[in-house]
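Enquirer: Dumping the structure here so I can ask a few things about it.
The values are calculated or read from the model by the stated rules, or taken from the named source; none is laboratory data. Owing to the predicted nature of the structure, the values given are computational and were not obtained by experimental measurement. Counting neighbours? That spans all protein chains shown, and the Cβs are built from the backbone with ideal geometry, glycine included. The area values use the complete protein model at the heavy-atom level, side chains included, leaving out ligands, DNA and RNA. Shrake-Rupley method; radii C 1.70, N 1.55, O 1.52, S 1.80 Å.
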Amino acid sequence: RIPSYLLKPKGAGFEMDRSTEFLGDILPTDVDIGPDGALYFSDWHQGWPKSSKGRLYRVTHSVAQKDPVVLETRRLLGEGMDRRAPAELMLLLGHRDMRVRREAQFSLAEKGSEGLKSLLAAAKLEGSLLPRLHGIWGIGQVGRRDGAAMNPLIPLLKDPDAEVRAQVAKVLGEAKSKEAMRPLLKLLEDRNTRVRFFTAMALGHIGDRNATQPLLRMIRENADQDVFLRHAGVAALTWLNDVPALLAASKDPSSSVRLASLLAMRRLQRPEIAAFLKDPEPSIVVEAARAINDAPVNEALPALAALSENRVDSLSLGYRVVNANYRLGSAEAASRLATYATRADVPTETRVEALRELGSWQKPLARDRVVGVYRPLPQREAAPAAQALSKVLPRLLKQNSEPVLVAAAQAIAELKIESASSLLANLLTTRTAPPKARMEALHSLATLMPSNFSELLSKAFEDDEEVVRREATRLQARTKTGNAFANLKSVLAKGSVAEKQDALLAMSDLPEPGVDEVLMTYLDTLVAGTLPDGLRWDVLETASRRASPSIKAKLTSYKESLPKDYAEAGLRDLLQGGDVDAGKRIFLERQDVACVRCHQVNGEGGEAGPVLTGIGTRQKRDGILESILFPNRQIAPGYENVMITLHDGRDYAGVVKSETVNEVIVNSPEDGLLTLKKSEIKARQKGLSGMPEEMGKVLSPRDVRNLVEYLSTLK
């Protein structure tokens, strides 16, 4: 859509007054207003398919197009300003069209002393504000070449109009006018917030440190009420670079002054910023941590890392504290992270992060773990992290926090702490421990491979929790330990559908001849039509991986018995048996499909496609599957693009909003909402859906099944 905004002043800045939709149901990529007064925009049209062509639209208003000002603007911009006399250009500084005013201003600024005289006369005009502002800005252009040209503006710092005072302060600051220093200091006390904003910025540009204390006084009086004014104060203090004054301000009774000092030090990347980590105001401590980690201020990292010994309730602070230790990379830092992970008085999320950092200690991520920017660290020895974690594991693994235990088990495997095998085994066999933690313990044991792993794996097959049994099934084929075939056959005999799926997949690579006998039985059940729907795809997939001639023959015979369109009809094998959690992860997290970028679920997500909340009630599973793999067959109401040609030769393009037996209502970017009788339609061409047709190439059949399962639960 193309929205139209109206702003209104608020303090030193602006706020939204109201927003209306100028044009909707389009895919605009850019918009501009032409010299003819028309609005032009480029439209992506059919969206994703790369072969489609975009369009350029011109939006006009029949009455406005005849407005004398519009016609004059077109003429003036077409003719240009170079041949116009200064007197005429001065008049044009008050034109209704900003582009005309700007061109006249630029032309006067290039005309030397004669142009400067006209600009100054415009700046001193009484009444209309626009020519005064363009006169001020034009003088500012000249002043960049000739500083003396700015001096006549200084008296206007006392002008009755607040915007004049503000813009004069702005251009004097940009010209670094030393002569304006004293009146600007007085103007810093102006009653108008916007004037104070530009005055503060101007004082910073001029660079005279006599402005430091007045700026701090302004910040103290503002007390963080106007964030624009605070920004101006911080920017000015940064440009002044008065470090002794900033250090003194760091101890000021006013938290607003201390915060401004901190923010200026952040921009200057001063190591003294570490002192703010001891500030009595918690929000300032968090802001200091942001500065040290995010800017970054590397010299202050040790002070930030040391906060891991304190109680840290804030997630923003906690993530940066643990990250500081990770980036320092010393044995002491690793020890602090390990100890931090054991503490129950800090947020679980940051304890988990500490363990993940220990796990990736040897090969750090190239991106900063908090802000995500590229800040590579060198590879380092894993020993300090492994030793630090080993010391705390006995008490860490006795805790009952599932996320912490899962992260601890993962870190043990990544660091290959073989001495922790017995602790992991104890966690695995403790039935009161969280199920996912025991599952992860088993997974890590498969990496460490202790001598009793086969025994532990067999016990896992008998576990009360399905997640543990399923992990045992998946690991059985990967590790090929113990009586793999017997264990998997037992799962097929008494496991859930999900466990049987894992067992079938695990069997596909086993060399035992008994595997083919089991598969033949399942294929017979499939042919007879009595195989549970949730296992159809798994049986066919496992059978296709076997080299047995009898299996291949049975599989070929089965496929030949199916309808000729089985390549598509066989997709029904994906309608049942998916994993809801895995499907949800695909929807929310898979960047290569980016479902959530276009679709909303429970109020979260994009707006390019239909809202999927309640899709499980509105559509059956086969409809959901078709929408994923063949989105152009049935486009959701309100999203179908059409090109319609009438018998009288008129053409319309737009989105079908609704349709009956006799008529169709189309929302057209050019013509608005149209009601067209079907009897008048000569041709109707359906546009492509915004949903790409390539999902079947990006998602595996298992992925598709999981996604269908998740979407079908959205009731």
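Enquirer: The conditions are (1) open to solvent by 20 Å² or more (accessible area, probe 1.4 Å); (2) at pLDDT 90 or above; (3) over 38 Å from the mean Cα position of the chain (by Cα); (4) of a type outside the set (Ser, Thr, Tyr), and ASN487 fails exactly one of them. Which is it?
Expert: If we test ASN487 against (1) open to solvent by 20 Å² or more (accessible area, probe 1.4 Å); (2) at pLDDT 90 or above; (3) over 38 Å from the mean Cα position of the chain (by Cα); (4) of a type outside the set (Ser, Thr, Tyr), just (2) comes out false.
Enquirer: Right, something else. State yes or no: is LEU215 closer than 30 Å to ALA275 by Cα, at pLDDT 95 or above and within 37 Å of the chain's Cα centre (by Cα)?
Expert: For LEU215, the condition - closer than 30 Å to ALA275 by Cα, at pLDDT 95 or above and within 37 Å of the chain's Cα centre (by Cα) - is met.
Enquirer: While we're on this one: Identify the single condition in (1) farther than 17 Å from ALA264 by Cβ; (2) open to solvent by less than 60 Å² (accessible area, probe 1.4 Å) that LYS186 does not satisfy, given that it satisfies every other one.
Expert: (2)
Enquirer: Hey, any hits in the stretch 316-330 for a residue that's of a type in the set (S, T, N, Q), open to solvent by 60 Å² or more (accessible area, probe 1.4 Å), within 25 Å of TYR374 (Cβ to Cβ) and assigned to a helix (DSSP H, G or I)?
Expert: No: zero hits.
Enquirer: Then there is this: How about the stretch 658-711: which of its residues are part of a loop (DSSP other than H, G, I, E, B), modelled with pLDDT of 80 or more, within 23 Å of LYS620 (Cβ to Cβ) and among the hydroxyl-bearing types (Ser, Thr, Tyr)?
Expert: SER700
Enquirer: What helices (runs of 4 or more DSSP H) lie completely within the stretch 430-500 and have 2 or more residues being within 17 Å of ASP538 (Cβ to Cβ) and free of Cβ contacts under 8 Å to residues at least 24 places away in the same chain?
Expert: By residue number, 484-494.
Enquirer: Still on this model: Identify the single condition in (1) modelled with pLDDT of 85 or more; (2) exposed (fewer than 14 other Cβ atoms within 10 Å of the Cβ); (3) over 30 Å from PRO513 (Cβ atoms) that SER557 does not satisfy, given that it satisfies every other one.
Expert: (3)
Enquirer: Another one. Kindly establish whether VAL539 is under 16 Å from LYS559 (Cα atoms), at pLDDT 90 or above, touching a Phe, Trp or Tyr at 6+ places or on another chain (Cβ under 6 Å) and assigned to a helix (DSSP H, G or I).
Expert: So VAL539 passes the test.
Enquirer: What is the one condition in (1) open to solvent by 20 Å² or more (accessible area, probe 1.4 Å); (2) over 23 Å from ASP161 (Cα atoms); (3) among the aliphatic types (A, V, I, L, M) that MET201 does not satisfy?
Expert: Failed condition: (2).
Enquirer: For the stretch 560-569, does any single residue satisfy the condition of being open to solvent by less than 70 Å² (accessible area, probe 1.4 Å), within 22 Å of PHE485 (Cα to Cα) and among the hydrophobic types (A, V, I, L, M, F, W, C)?
Expert: no
Enquirer: Can you go through ILE154, ILE136 and tell me which one is of a type in the set (A, V, I, L, M), at pLDDT 95 or above and either surrounded by fewer than 22 Cβ atoms within 10 Å (Cβ to Cβ) or on the phi > 0 side of the Ramachandran plot (or both)?
Expert: Going through ILE154, ILE136 in turn, just one is of a type in the set (A, V, I, L, M), at pLDDT 95 or above and either surrounded by fewer than 22 Cβ atoms within 10 Å (Cβ to Cβ) or on the phi > 0 side of the Ramachandran plot (or both): ILE154.
Enquirer: Can I ask one more? Is it the case that some residue within the stretch 16-27 is in contact with a Ser or Thr (Cβ under 6 Å, 6 or more places away or on another chain) and either open to solvent by 50 Å² or more (accessible area, probe 1.4 Å) or among the charged types (D, E, K, R) (or both)?
Expert: yes
Enquirer: Can you give me the number of residues within the stretch 207-252 that are out of contact with any helix residue (DSSP H, G or I) (no Cβ under 6 Å at 6 or more places or on another chain), closer than 22 Å to GLU179 by Cβ and among the β-branched types (Val, Ile, Thr)?
Expert: 0
Enquirer: If you take the residues in the stretch 606-638 that are in contact with a strand residue (DSSP E or B) (Cβ under 8 Å, 6 or more places away or on another chain) and over 20 Å from ASN706 (Cβ atoms), which one is most open to solvent (accessible area, probe 1.4 Å)?
Expert: Once the filter is applied, the top-ranked residue is GLU607.
Enquirer: When you check ALA275 against the structure, is it open to solvent by 60 Å² or more (accessible area, probe 1.4 Å) and either under 29 Å from ARG367 (Cα atoms) or at pLDDT below 95 (or both), yes or no?
Expert: yes
Enquirer: From the list SER283, SER261, SER308, exactly one residue is out of contact with any Asp or Glu (no Cβ under 7 Å at 6 or more places or on another chain), part of a helix (DSSP H, G or I), over 20 Å from TYR326 (Cβ atoms) and open to solvent by less than 30 Å² (accessible area, probe 1.4 Å). Which is it?
Expert: SER261
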